[in-house]
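Okay, so here's the structure we're looking at.
Bear in mind these aren't lab numbers, they're just calculated from the coordinates by the rules spelled out. Every value quoted in this text rests on a predicted model; they were computed, and no experiment measured them. Here Cβ is always computed from backbone atoms with ideal geometry, including for glycine, and neighbour counts include all displayed protein chains.
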Amino acid sequence: MASPSSSVQEARKALGRRLAEIRMGADLTKRELARRLGWHESKASRFESGTRAPSERDLRAWCTACDAEGDVEDLITTARGIEGMYVEWRKMERHGLKWAQESVVPLWERTERFRIYSPWLIPGPVQTASYITALLTSIRDRRGLVDDVPAAVAVRMEKQKIVYGNHKFAILLEESVLRYRIGGTDVMAGQLGYLLSAMALPSVSIGIIPQDADRTKLWPVEGFFLYDDATVNVELVSAHLTVVQQHELAMYAKTFSDLAELAVYGGAARELITAAIESLG
């Protein structure tokens with residue numbers, strides 16, 4: 001898989017190429033453009049190579065110098081999107097966990113097909129309130145956040161209602177996820193029991209990759225959410241990564257498909273979940 005920063009860098013390079021096209025369309029050299037704007041030529045070069053992110057003011061100035069004011073708003077929208085591709089948790093959660101939960105609601109609502117792979121946790125759409133509380137309490141304490149866990153849990157539970165709508169969920173879990181005791185024995189027992197119920201929903205497909213599966217060709221990778229064929233979200237230790245580059249989206253889609261071939265479904269999956277519940281006793 002690509003490194004966490006590669007999506008951001010590729011997007012900056014694409015923006016740089018667009019800036020170069022606008023400049024060349026105006027029949028300007030980088031030196032002449034920089035002279036008009038009162039910049040050093042290296043500044044324009046760094047923008048075009050993607051090694052430096054232009055500000056909104058820079059983009060407006062660039063388009064004005066190139067007589068391309070009609071492109072400026074689209075360029076600014078693109079630049080804002082790039083800025084949001086790699087967001088540190090401390091920035092995303094600075095207003096609390098409730099705000100962080102609410103920030104992804106529009107993406108959830110417009111997505112028709114969810115493909116979710118998790119090697120560590122039961123994912124959000126099929127979590128119980130107790131499991132969510134345990135997770136968010138741990139995050140609050142570990143990151144020193146304001147205490148708005150009950151409000152954040154309520155938002156996440158509200159988000160879960162989409163599993164009863166027209167959205168489709170394909171969820172793949174490593175078997176080890178069933179064994180990690182998040183919140184203690186009772187919380188896990190309730191969570192695993194709910195997972196069995198969720199498997200019966202027409203909108204939800206749950207596959208479990210057995211621990212004894214042959215992983216020679218594909219071992220566990222980072223957990224990810226693939227929203228339609230448009231966006232991937234990856235949760236890193238320090239940040240929230242959004243992937244939108246087409247070639248990377250294709251890599252995640254192919255990885256999900258390959259992982260799905262390793263999973264068991266239906267009765268076999270229920271047996272693994274039931275065994276995990278029994279192990280709690």
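Data table
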| item | result |
| --- | --- |
| Beta bridges by DSSP in the chain, antiparallel share as percent, to the nearest 5 | 55 percent |
| Average Cα contact separation per residue, the range 125-208, under 8 Å, 6 or more apart, as relative contact order % | 42 percent |
| Electrostatic dipole magnitude of the chain [Cβ: Lys, Arg +1; Asp, Glu -1; Cα centre; debye, to 20] | 660 debye |
| Most fluctuating residue given options Ala134, Ala100, Ala26, as computed from a GNM of the chain linking Cα atoms under 10 Å | Ala26 |
| The chain, helix-only ellipticity at 222 nm - DSSP H runs n ≥ 4, -39,500 (n - 2.57), divided by all residues, nearest 500 | -16000 deg cm²/dmol |
| Extension reserve of the Glu88-Asp27 stretch, reckoned as 0.36 nm per residue once the Cα distance is removed | 18.0 nm |
| Extension gain, Leu196 back to Ser6 (0.36 nm per residue minus Cα-Cα distance, nm) | 64.6 nm |
| Where trypsin sites (Lys or Arg not before Pro) fall in DSSP loop in the range 29-111, at most 12 other Cβ within 10 Å | Arg94 |
| Cα-based convex hull volume of the range 99-186 per residue, rounded to whole Å³ | 103 Å³ |
| Estimated distance in nm for a label pair at Ser257 and Glu271, the labels positioned 7 Å out from Cα along Cα-to-Cβ | 2.9 nm |
| Shape box of the range 161-245 [Cα atoms, principal axes, largest first, Å] | 41, 36, 28 |
| Using a Förster distance of 41 Å, the FRET efficiency for Ser279-His247 (Cβ separation, nearest 0.05) | 0.50 |
| Centre separation in Å (Cα based) which lies between the range 69-147 and the range 150-184 | 14 Å |
| Kyte-Doolittle at least -0.5, axis length at least 24 Å by Cα - qualifying DSSP helices, the chain | 246-262 |
| Pair Ala14, Arg110: separation of 7 Å Cα→Cβ label points (nm) | 1.5 nm |
| The range 148-183 residues near the modelled Leu218 label - backbone nitrogen below 19 Å, point 7 Å along Cα→Cβ | 169-177 |
| Cα-based equivalent ellipsoid, the chain: semi-axes from gyration tensor eigenvalues, Å | 44, 21, 16 |
| The range 214-281 - convex hull of the alpha-carbon atoms, volume per residue in Å³ | 136 Å³ |
| Dipole magnitude of the range 60-182 about its Cα centre (Cβ charges: Lys, Arg +1; Asp, Glu -1), debye to nearest 20 | 700 debye |
